[in-house]
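In what follows, a structure is listed as structure tokens, so that the remarks can point back to it.
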Amino acid sequence: MYSLNVPIPGQVARVASDLFPYLAPFDRVRDRHTLVCKRFEETDYDHLRNRLHEALRGAPAFEARITGVEYFEEPPRGSAPVVYLAVESPGLVSLHERLVDEFGAVDGLEGDDYTPHVTLARGGSIADARSLVSHDVDPVEWTVSQLDLYDAEFRETAASISLPA
């Protein structure tokens, strides 16, 4: 499986790092932070890359902003709860919708169910998730001018695409 990810700037990684001591009660803490734009169930890399370049033609760079800590009480997959850095980005949502129109949506995760976020940790108690949400984080704003096509099988970036495309 592949995903199209927004690279996380150092400032966002620092926010996640500052929250690390508060993540100890959770079962799984993320050390690699990602912001997924779109997942792809296609397995043929060359075909996907070509379709993706065509679908992204003319896509502009866009702004994104970390707005705070939130959680999913009942995520569609995996252990709950999931605590995350909330991301506000009309440009990202618009790009996601464009790619869903082209490639279809992964049920429960995309389309109307898409919530831009950077996962911090999962598993544990709702009380711990609520406690973490009470922590203030400074907003971080950045311009997204690159997207990475991530290969989940090899756990590496297979290609990078500059915006505007």
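Return the residues of segment 89-104 that are open to solvent by 50 Å² or more (accessible area, probe 1.4 Å) and either among the small types (Gly, Ala, Ser) or in contact with a Leu (Cβ under 9 Å, 6 or more places away or on another chain) (or both); say none if nothing qualifies.
Residues satisfying the conditions are SER94, ARG98, GLU102.
Would you call ALA59 of a type in the set (Gly, Ala, Ser) and surrounded by 13 or more Cβ atoms within 10 Å (Cβ to Cβ)?
On the way: of a type in the set (Gly, Ala, Ser): yes; surrounded by 13 or more Cβ atoms within 10 Å (Cβ to Cβ): yes.
Taking the combined requirement at face value, the residue satisfies it.
Does LEU19 qualify as being open to solvent by less than 40 Å² (accessible area, probe 1.4 Å), touching a strand residue (DSSP E or B) at 6+ places or on another chain (Cβ under 7 Å) and within 16 Å of ASP148 (Cα to Cα)?
Details: open to solvent by less than 40 Å² (accessible area, probe 1.4 Å): yes; touching a strand residue (DSSP E or B) at 6+ places or on another chain (Cβ under 7 Å): yes; within 16 Å of ASP148 (Cα to Cα): no.
It is false that LEU19 is open to solvent by less than 40 Å² (accessible area, probe 1.4 Å), touching a strand residue (DSSP E or B) at 6+ places or on another chain (Cβ under 7 Å) and within 16 Å of ASP148 (Cα to Cα).
Sort out which residues of segment 32-50 are over 30 Å from THR67 (Cα atoms) and polar (S, T, N, Q), and write them in order of number.
Selection gives THR43, ASN50.
Exactly one condition in (1) free of Cβ contacts under 8 Å to residues at least 60 places away in the same chain; (2) under 27 Å from ASP27 (Cα atoms); (3) open to solvent by 70 Å² or more (accessible area, probe 1.4 Å); (4) more than 14 Å from the chain's Cα centre (by Cα) is false for ASP112; which is it?
The one condition ASP112 does not meet is (2).
For segment 106-129, how many residues are at negative phi, modelled with pLDDT of 95 or more, out of contact with any His (no Cβ under 9 Å at 6 or more places or on another chain) and not in a helix (DSSP H, G or I)?
Total satisfying the criteria: 5.
Could you check segment 38-65 and list, in sequence order, the residues that are outside any helix (DSSP H, G or I) and in contact with a Phe, Trp or Tyr (Cβ under 9 Å, 6 or more places away or on another chain)?
We begin by selecting, within segment 38-65, every residue outside any helix (DSSP H, G or I); these are 38-44, 57-65.
Those that are outside any helix (DSSP H, G or I) and in contact with a Phe, Trp or Tyr (Cβ under 9 Å, 6 or more places away or on another chain): LYS38, ARG39, PHE40, GLU41, GLU42, THR43, GLU63, ALA64, ARG65.
Collect the residues in segment 1-16 that are of a type in the set (A, V, I, L, M), open to solvent by less than 60 Å² (accessible area, probe 1.4 Å) and either in a loop (DSSP other than H, G, I, E, B) or modelled with pLDDT under 95 (or both), keeping them in residue-number order. Outline the logic, then answer.
In the first step, residues of segment 1-16 are kept if they are of a type in the set (A, V, I, L, M); the result is 1, 4, 6, 8, 12-13, 15-16.
Filter once more, keeping what is open to solvent by less than 60 Å² (accessible area, probe 1.4 Å): 4, 6, 8, 12-13, 15-16.
Result: ILE8, single match.
The values are calculated or read from the model by the stated rules, or taken from the named source; none is laboratory data. Quick caveat: nothing in here was measured; it's all calculated off a predicted structure. With ideal geometry, Cβ positions are generated from the backbone for all residues, glycine too; neighbour counts draw on all protein chains shown. Protein only, heavy atoms only, side chains kept; ligands, DNA and RNA dropped before computing areas. Shrake-Rupley method; radii C 1.70, N 1.55, O 1.52, S 1.80 Å.
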